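Here is the structure we will look at.
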Protein chains: 2
Amino acid sequence: MGTMSDAGKKRRGGHEGRRNARLKAPIVHRGTLVRNIPAYEAVSEEGVELIHNTAMRIVEEIGVEFRDKESLDIWRNAGADVSDERVRVSREMLMSLVAEAPEEFDHHARNSDRTVRVGGKNMVFAPSYGPPFVLDFDNNRRHATLEDLNNFQKISHMASAIHIAGGPIVEPVDIPVAHRHLHMAYSALKFSDKPIIGAVTARERAEDTMSMMKIVFGDEFASNNTVTTSLINSNSPLVWDATMLDALKVYAANNQAVLCSPFSMVAASTPASTVGTMAVVTAEALMAIAFTQIIRPGAPMLFGVPAMTVDLRTGAPVHGCPESALLQLLTGMMARRYKVPHRGIANCSTAKTADLYSGYDSMWGAFSAVLAGANWITHAGGILESALTLSYSKCILDYEQMDAFYHFAQGYKFDDLDEIFETVREVGAGGHFLGAAHTRKSDIFILEHQNNVTFEQWDAEGRKDAQEIGTEEAKRWLARYEPPPIDPGLDEALLEFVKRRTKELPNRSE
Amino acid sequence: MGTMSDAGKKRRGGHEGRRNARLKAPIVHRGTLVRNIPAYEAVSEEGVELIHNTAMRIVEEIGVEFRDKESLDIWRNAGADVSDERVRVSREMLMSLVAEAPEEFDHHARNSDRTVRVGGKNMVFAPSYGPPFVLDFDNNRRHATLEDLNNFQKISHMASAIHIAGGPIVEPVDIPVAHRHLHMAYSALKFSDKPIIGAVTARERAEDTMSMMKIVFGDEFASNNTVTTSLINSNSPLVWDATMLDALKVYAANNQAVLCSPFSMVAASTPASTVGTMAVVTAEALMAIAFTQIIRPGAPMLFGVPAMTVDLRTGAPVHGCPESALLQLLTGMMARRYKVPHRGIANCSTAKTADLYSGYDSMWGAFSAVLAGANWITHAGGILESALTLSYSKCILDYEQMDAFYHFAQGYKFDDLDEIFETVREVGAGGHFLGAAHTRKSDIFILEHQNNVTFEQWDAEGRKDAQEIGTEEAKRWLARYEPPPIDPGLDEALLEFVKRRTKELPNRSE
């Protein structure tokens, strides 16, 4: 990962030489990506309005269930039509609440240089979320541990185009469920200085996350500024459960960002139609976003869909298929219509190993997320088995692809066309541009791990495929990792909090 | 490859079961794809005009070289400014010639059911072009033979979304160079009944191709209708050589289509800038297209760019990078501006084996070609080593991806939204759509070779990665192949022609 100007000036003899050179190069942390290519408008405005109208009919006529007494009281007090657990609102009420959510916001990092801007033309890339297994350095699949989580925090910290420290990049299965959130937040804050993801698996865990963020940022700042982004899923169709709502209430009350993500599987939990699914998930997501604005107007919320279908032969969730890309492109349009930031997903695969097919699958996600203009792209590296497993090898290589997309989304440069014309005149017919002054200062993107050597050289270097290269590189990255500075007093206070809460919290298994 | 309605009604127990079922299913030949999603407009109209203006300055002030006396005479007689081999024309003259080339045309196949429409919103997918090596069933890299070419004609014939029989899908290296074109045309006409690609490596070879097409279609029809599409490359920057021009003249005179493709490698043979490269290749391609319209107004021509950069560390051509996608998207816009069909490329990789990286690389091409609205997409399957090697395994799996893109480009369906709304009402909150009447008639796309089984089942089935699955499938396809009917008299006449010309032509080595 680099540009011609900083990495390409002389030949270094194959992948080994290049990688050794790179080990000495400084780590680059790219800022928030500001998209300079248009978002792809996949359907007409009329199409968007048809979906909107169907979503509005759903919230008005069918309603969405909030399976939590407190949430139902909040809705009732706000004037919604609440019947059992079903909440129906008028489109006017819904739109007026959604309009309170900000179009853009800052998500602060403990190192202010790593603070990102979310929304508008801004894009941030975030690690995976939730895999309980890893494909390790020996390409063995095993349960993920806290050490793996720490490793992936380190790798994500070092990846140029990854903006977010991540929460459960993998699930640390060796830690009791009731204590995982503490270690998850500590891991993100210790091994990275990028913005972090909050815990959502119980109200007290969201509160603990907020307590730790208040240790880092101070009470006042952390209650009024966004210092975490968390992910809640609906149970499609049309259900928000108590656990997710509890977390949502805690974060919204603290002005923290939440990815309001229907867990839609086209043809299973939502209709067997991209357009129909879009209508259902729009209803679900907007109801969650509107709900937060009753609690705290202006709390930042994202509209996200983990674009998936289902394989009707096996019941398995499917990424990397045409419908997933069509859905993601459409979600971008709907989010823009409602002026809320859009959360997309990249690099998810159903494959069991980092093979050719896992590359296809990943790109259906990455390409459509980037062209959708998604403001927050989750699962930016390493996913296999539809998020059951995280591969060290694929994570490194996916992250490099996100760096390429970072370059891609910066689009076209027109300001040097006159100089180029003069260069073409000088080079003339049949010449070449390799030595031209214009070429030497250009920024053609170089994929460090792409295999651009000859077959013979590749053969001599041991015929390594991408899976092997990625694994080797993961080891090199970890060997090279240097922790970002952290105030020792802060570190101690965080550890103290983790220790105290570990004692206080029962060792529950859910 | 199939849809839920024809393949998904019951579980069949893993990949084996599914593939066995598929072996019994009829082969589907999809017609010309009519794109139902918008082309992606990557830059503003102003940007397009800036590039156009620079291209016009190149043809007016710098000129393009035609290294062939006859071609120079043709230009001179048409009123161009010819100085040595450099041809300069006014933008008015160039635009008026280019306007003669058709926006759309039919490319006829010997089976009229396989005739394709090229241009406008139509898209056709074509096989690879030119690799001298194959990665065979044992994953060994070796020189390609006529048997390999025949095999790939068979595979391409059977692939649902591949519309073209192909010319040198691989180079049959066991056949003398001077005779290859004869076997190439015969292979395409015998083992497929889809439209074919012509030979361009010498004037007499183009003429032989036309003679064979006249045997198939009759003199009159083959001279006035498009029955071949051929590929010529410029020597960027700004040079068309005599060999390519000789072939171009033969095909244009016979009203045959040609992909006028600058062989641009960004930063080497064209400027180190996507926009600058676009200006140079626009000048090159338009000059070739204009040239053909002097010879035969109305001869169908395509504007194509094999989007590549160069790795400045090794000099190697690079596919699968952000610039290649940016260039391809831009080429689509320029082609639409000039109202000539656009030839894009998909599924090219620099990798040495069908690994994860070859998947990324391929998708940078495929996704950008499809979103560019390319009317003709070459290299739709199997390419490794930047077109030096064709992989049987990757070819099968890439072709399946093109089938997925075929589905993708058909976009969104809005006409069942009312039925969907009623289905959502019936299913209600917390239900599922698996058994709904709407679901049963839906057409969610299923990737047959995507690994959607559990890890445990994958383990029990021998932990096959995509490379292995693709290789097995290639063998199955070939075992299952049935040749399309061919009139025995026609077959005999073609063989007779090949035999006669083999005797007549000197066994040259170039």
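Computed from the coordinates by the stated procedures, all read-outs in this text should not be read as laboratory data. Fair warning: this is a prediction, and the values are worked out from it, not measured in the lab. Glycine also receives a Cβ, built like all others from the backbone with ideal geometry; neighbour counts cover every protein chain displayed.
I'd like the antiparallel share, as a percent to the nearest 5, of DSSP beta bridges with both residues in the protein assembly as shown.
Values: 44 of 96 bridges.
So the antiparallel bridges amount to about 45 percent of the total.
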Expressed as an acute angle from 0 to 90° and rounded to the nearest 10, what is the orientation of the C-alpha long axis of helix A:69-78 relative to the principal long axis of chain A? 80
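I'm checking a number: the convex hull volume of the Cα atoms of chain A, normalised per residue, in Å³. What is it? Could the numbers behind the result be given before it?
Numbers: hull volume 83.6 nm³, N = 510.
Roughly 164 Å³ of hull volume per residue.
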With a/c under 1.5 counting as rounded, go ahead and sort region A:98-153 into rounded, prolate or oblate using the C-alpha gyration tensor (a ≥ b ≥ c being the square roots of the eigenvalues; past the cut-off, prolate if a/b is larger than b/c, else oblate). prolate
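Hey, got the dipole for region A:138-218? About the Cα centre, +1 on K and R Cβ, -1 on D and E Cβ, debye to the nearest 20?
Working: 9 positive and 9 negative charges, 27 e Å.
Magnitude of the dipole: close to 140 debye.
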Nearest beta-carbon to the A/B symmetry axis - residue in chain A, distance in Å: A:G359, 1
The answer for B:V173, listing residues at least 5 apart or on another chain whose modeled amide H is closer than 5 Å to its amide H, is B:A144, B:T145, B:L146
With the label set 7 Å along Cα→Cβ, B:R142 is separated from its counterparts in the other copies, in nm and shortest first, by 4.1
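For the protein assembly as shown, report the translational diffusion coefficient in µm²/s to the nearest whole number, using Stokes-Einstein at 4 °C, 1.567 mPa s, and a Kirkwood Rh over Cα pairs. Mind dumping the intermediate values first?
Numbers: Rh = 29.5 Å.
Rounded to a whole number, D works out at 44 µm²/s.
Going from the alpha-carbon gyration tensor of region A:320-395, what semi-axes, largest first and in whole Å, does one get by taking the root of 5 times each eigenvalue?
Numbers: eigenvalues 114, 27, 13 Å².
That gives 24, 12, 8 Å for the three semi-axes.
From other protein chains only, count the Cβ atoms within 10 Å of every residue's Cβ in B:432-440, then give the mean. If you can, show how the numbers build up before the last one.
On the way: counts 8, 15, 8, 0, 3, 0, 5, 9, 3.
Other-chain Cβ atoms within 10 Å of each residue's Cβ, averaged: 6.
Which whole number gives the average, over all residues in B:413-419, of C-beta atoms from other chains lying within 10 Å of the residue C-beta?
Working: counts 4, 10, 1, 5, 10, 2, 3.
Whole-number average of other-chain Cβ neighbours for B:413-419 is 5.
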Which log10 I(q)/I(0) values, to two decimals, does region B:19-122 give at q = 0.14 Å⁻¹ under the Debye formula with one point per Cα? -0.84
With charges only on Cβ, +1 for K and R and -1 for D and E, what is the dipole size of region A:58-163 about its Cα centre, in debye, rounded to 20? 420
Hey, got the average number of other protein chain Cβ atoms within 10 angstrom for residues in A:303-312? 3
Give me the angle, in degrees from 0 to 90, between the Cα long axis of helix B:146-158 and the longest principal axis of the Cα atoms of chain B, rounded to the nearest 10. 60
List the distances, in nm to one decimal, from the label point of A:R463 to the label points of the same position in every other copy, shortest first, placing each label point 7 Å from Cα along the Cα-to-Cβ direction. 1.9
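In chain B, what percentage of the DSSP-assigned beta bridges are antiparallel, given to the nearest 5? Working shown, then result.
Details: 21 of 47 bridges.
That works out to approximately 45 percent antiparallel.
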Round to the nearest 10 and give me the degree value, 0 to 90, for the angle of helix A:322-338's Cα axis relative to the longest principal axis of chain A. 60
Starting with the highest mean, order A:367-378, A:312-323 by the number of other Cβ atoms within 10 Å, averaged over the residues of each peptide. A:367-378, A:312-323
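Output the pairs from B:K441/B:K464; A:K339/B:K413; A:K69/A:K249; B:K154/B:K475; A:K352/B:K154 with a Cα-Cα distance over 21 Å in this structure; if there are none, say none.
Details: B:K441/B:K464 32 Å; A:K339/B:K413 25 Å; A:K69/A:K249 13 Å; B:K154/B:K475 11 Å; A:K352/B:K154 30 Å.
Cα-Cα > 21 Å for B:K441/B:K464; A:K339/B:K413; A:K352/B:K154; rest within.
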Mind listing the label-point distances from B:N507 to the same position on all other copies, shortest first, one decimal in nm, points 7 Å along Cα→Cβ? 8.2
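How do A:344-350, A:431-437, A:249-255, B:50-56 rank on mean C-beta neighbours within 10 Å, highest first? Working shown, then result.
Values: A:344-350: 30.4, A:431-437: 16.9, A:249-255: 22.4, B:50-56: 20.6.
Packing order, densest peptide first, comes out as A:344-350, A:249-255, B:50-56, A:431-437.
How do B:M213, B:M308, A:M301 line up, fewest other C-beta atoms within 10 Å first?
Working: B:M213 25, B:M308 29, A:M301 32.
So the ranking, lowest neighbour count to highest, is B:M213, B:M308, A:M301.
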Prolate/oblate/rounded label for region B:385-472 (Cα gyration tensor, a/c 1.5): oblate
With only helices counted (DSSP H, runs n ≥ 4, each -39500 (n - 2.57)), the per-residue ellipticity at 222 nm for chain A, to the nearest 500, works out to -14000 deg cm²/dmol
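Would you mind counting up the charge near A:P306? Only other residues with Cβ under 15 Å from its Cβ, with Lys and Arg at +1 and Asp and Glu at -1.
On the way: positive: A:R343; negative: A:E284, A:E323, A:D361, A:E385.
For residues surrounding A:P306, the net value is -3.
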To the nearest 20 debye, what charge dipole does the protein assembly as shown have about its Cα centre, counting +1 at the Cβ of each Lys and Arg and -1 at the Cβ of each Asp and Glu? 960
Hydrodynamic calc, region B:151-299: Kirkwood Rh from Cα pairs, then Stokes-Einstein at 20 °C with viscosity 1.002 mPa s, so D in µm² s⁻¹ is 133
Mind jotting down the distance between the C-alpha centroids of region B:432-510 and region B:263-286, whole Å? 36
